[in-house]
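Undergrad: Shown below is the structure under consideration.
The values are calculated or read from the model by the stated rules, or taken from the named source; none is laboratory data. These numbers come from a predicted model, not from an experiment. Neighbour counts are summed over all protein chains in view; Cβ atoms, including those assigned to glycine, are modelled from backbone coordinates with ideal geometry.
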Amino acid sequence: MSIARFALAALVAGSAAAQAPARPDPADPKAGARAYESAFKGYRPYNDPELVRWREANEEMGRLNGHIGHVPGSVPPHGGTAAAKPPAPSAPGERK
């Protein structure tokens, strides 16, 4: 049984080695040299955003009803109705 396992392992290893591509010799000057590509090839420098005058920013916040008003209708007004009470827990063995 161990000979069959060994033969199977050798067969699998041999087939994997046969599929591996041949590597060029790094000492061979004729070997395909990889072209240099900088890590900064697609780099775009940071651009400061356009500054807004403080008076314009304050007027816009007033028009939007403050920082909460950025998305109108998404936040309920303060002091709204209380949340509904959760249902009372049922007694053990009681069916709903």
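Undergrad: Just checking, does the stretch 12-31 include any residue being modelled with pLDDT of 85 or more, surrounded by 10 or more Cβ atoms within 10 Å (Cβ to Cβ) and either at positive phi or of a type outside the set (Asp, Glu) (or both)?
TA: The answer is no; no qualifying residue exists.
Undergrad: Continuing with the same structure: Considering only the stretch 1-11, state which residues are modelled with pLDDT under 75 and not aliphatic (A, V, I, L, M).
TA: Residue satisfying the conditions is Phe6 alone.
Undergrad: Here's a follow-up. Quick one: is Glu50 of a type in the set (Asp, Glu), at pLDDT 75 or above and surrounded by 10 or more Cβ atoms within 10 Å (Cβ to Cβ)?
TA: It is false that Glu50 is of a type in the set (Asp, Glu), at pLDDT 75 or above and surrounded by 10 or more Cβ atoms within 10 Å (Cβ to Cβ).
Undergrad: Here are Glu60, Glu37: which of them is outside any loop (DSSP other than H, G, I, E, B) and modelled with pLDDT of 80 or more?
TA: After ruling out the rest, the residue left standing is Glu60.
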